[in-house]
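Notes follow once the structure below has been shown.
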Amino acid sequence: MPDFWENREKAEAQMKKIKELRFWIEAYEALDKQVEELQLAFDFVKEGLVTEDEVDEQYATVLKTLEDLELRNMLRREEDKLGVVLKINSGAGGTEAQDWAQMLMRLYLRYAERHGYKATIANLLEADDAGIKSVTINIEGDYAYGFLKSENGVHRLVRVSPYNAQGKRMTSFASVFVTPLVDDTIEVQIQPALISWDTFRSGGAGGQNVNKVESGVRLRYQYKDPYTGEEEEILIENTETRDQPKNKENALRHLRSILYEKELNHRMEEQAKIEAGKKKIEWGSQIRSYVFDDRRVKDHRTNYQTSDVGSVMDGEIDDFIKAYLMEFAGNEE
């Protein structure tokens with residue numbers, strides 16, 4: 001079709017559909033081949049050509065491939081395929097809570113790295129002593145939102161604090177907010193008349209690498225909920241680059257993500273009324289505890305837990321995500 005690319009947005013949307021179909025066809029063919037190899041290995045072990053350990057290894061490979069596909073098949077909502085805006089805020093507790101927020105930032109950056117996602121820090125507010133007060137991270141990649149939506153809520157740390165001279169066991173909190181990172185295929189209405197801009201200088205803590213021009217941007221949007229009539233000011237800051245127009249573009253993209261999520265939340269609320277008998281996901285509640293001295297990380301929604309605290313803090317949270325999706329993804333349909 002020579003006119004296929006005349007409407008670029010429709011063409012790109014169609015190409016995404018083709019890419020998705022190709023993924024499932026190739027995934028099925030790969031799984032079918034693995035199952036065939038497992039059957040051959042099972043036959044060969046009877047003849048002594050392969051060992052039982054090799055058969056067990058092949059079986060584990062097939063099982064993991066199948067479970068990964070089943071998990072991805074659960075992510076069927078429109079927004080699941082998108083990237084994610086992940087914001088971390090430290091809770092009350094000063095340096096201890098700010099250090100915890102920074103540890104969570106590292107956890108999610110490592111998770112993104114492990115999965116081949118592109119992670120960009122859109123805005124970072126460092127603390128005076130140690131740690132961070134807040135950070136906004138854009139994570140781009142297939143199904144990033146579908147997987148990381150499980151992280152939305154309050155994360156609780158219990159440890160012997162290095163910042164406490166008495167060596168007391170301290171409890172700290174940090175909130176993680178997760179919204180879909182909208183792209184050009186998602187239609188979101190923004191009213192330019194409701195936007196106002198401020199600019200400011202941005203730079204590192206302690207005056208290091210201070211930007212001499214006002215490249216940091218602050219967007220204010222006077223939002224009125226179309227369903228309830230409630231009004232609020234949405235405030236977004238972006239210091240991602242030293243290019244002010246680029247920072248404005250990034251701030252607008254973040255605004256589109258927030259407005260898109262508000263529409264999603266409305267849909268979820270309406271759906272919850274219809275499906276009142278189903279188990280409800282409580283957004284914003286304490287979802288997970290990280291108890292360092294007991295070597296335990298436990299998710300309170302699924303009761304999944306592990307003693308491998310080091311790996312979790314290094315970004316290995318796939319088992320937590322899987323447990324969450326296995327229990328709750330079906331309720332989203």
Against the conditions (1) farther than 19 Å from Asp142 by Cα; (2) modelled with pLDDT of 85 or more, where does Val85 fall short? Just the number, please.
(1)
Going residue by residue through the range 93-108, is there one that turns out to be farther than 18 Å from Glu316 by Cα and open to solvent by 40 Å² or more (accessible area, probe 1.4 Å)?
yes
Determine whether Tyr59 is of a type in the set (Ser, Thr, Tyr), within 24 Å of Ile321 (Cβ to Cβ) and surrounded by 14 or more Cβ atoms within 10 Å (Cβ to Cβ).
yes
Exception for Ala323 within (1) more than 15 Å from the chain's Cα centre (by Cα); (2) modelled with pLDDT under 95; (3) under 22 Å from Met170 (Cα atoms); (4) not hydroxyl-bearing (Ser, Thr, Tyr) falls at (3)
By residue number, the members of the range 173-190 that are farther than 17 Å from Val135 by Cα and either in contact (Cβ under 8 Å) with a residue 12 or more places away in the chain or in contact with a strand residue (DSSP E or B) (Cβ under 8 Å, 6 or more places away or on another chain) (or both) are Val182, Asp183, Asp184, Thr185, Ile186, Val188, Gln189, Ile190
Identify, please: which residue in the range 129-146 is in a loop (DSSP other than H, G, I, E, B) and in contact (Cβ under 8 Å) with a residue 60 or more places away in the chain and is, among those, least open to solvent (accessible area, probe 1.4 Å)?
Tyr143
Restricting the range 133-161 to residues that are of a type in the set (Gly, Ala, Ser) and under 14 Å from the mean Cα position of the chain (by Cα), the one farthest from Leu325 (Cα to Cα) turns out to be Gly141
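Please go through the range 1-35 and pick out each residue that is of a type outside the set (S, T, N, Q) and not in a helix (DSSP H, G or I). So that I can check it myself, show each step before the final result.
We begin by selecting, within the range 1-35, every residue of a type outside the set (S, T, N, Q); these are 1-6, 8-13, 15-33, 35.
Once the filter is applied, which keeps residues that are of a type outside the set (S, T, N, Q) and not in a helix (DSSP H, G or I), the range 1-35 yields Met1, Pro2, Asp3, Phe4, Trp5, Glu6.
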The one condition in (1) open to solvent by less than 50 Å² (accessible area, probe 1.4 Å); (2) over 12 Å from the mean Cα position of the chain (by Cα); (3) farther than 18 Å from Arg156 by Cα; (4) modelled with pLDDT of 95 or more that Ala112 fails to fulfil
(2)
Selected residue [at pLDDT 85 or above and either open to solvent by 30 Å² or more (accessible area, probe 1.4 Å) or more than 15 Å from the chain's Cα centre (by Cα) (or both)] from Glu47, Glu70, Glu78, Glu126:
Glu126
Report, ordered by the first and then the second residue, all pairs with beta carbons closer than 7 Å, sequence separation of six or more or different chains, a first member in the range 18-30 that is touching a residue at least 12 places away in the same chain (Cβ under 8 Å), and a second member that is of a type outside the set (Val, Ile, Thr) and surrounded by 10 or more Cβ atoms within 10 Å (Cβ to Cβ).
Ala27/Leu69
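The values are calculated or read from the model by the stated rules, or taken from the named source; none is laboratory data. Remember, it's a predicted structure, so these values are computed and weren't measured experimentally. Here the Cβ is made from the backbone with ideal geometry for all residues, glycine too, and neighbour counts use every protein chain on show. Heads up: the accessible areas ignore ligands, DNA and RNA and are worked out on the full protein's heavy atoms, side chains in. Shrake-Rupley method; radii C 1.70, N 1.55, O 1.52, S 1.80 Å.
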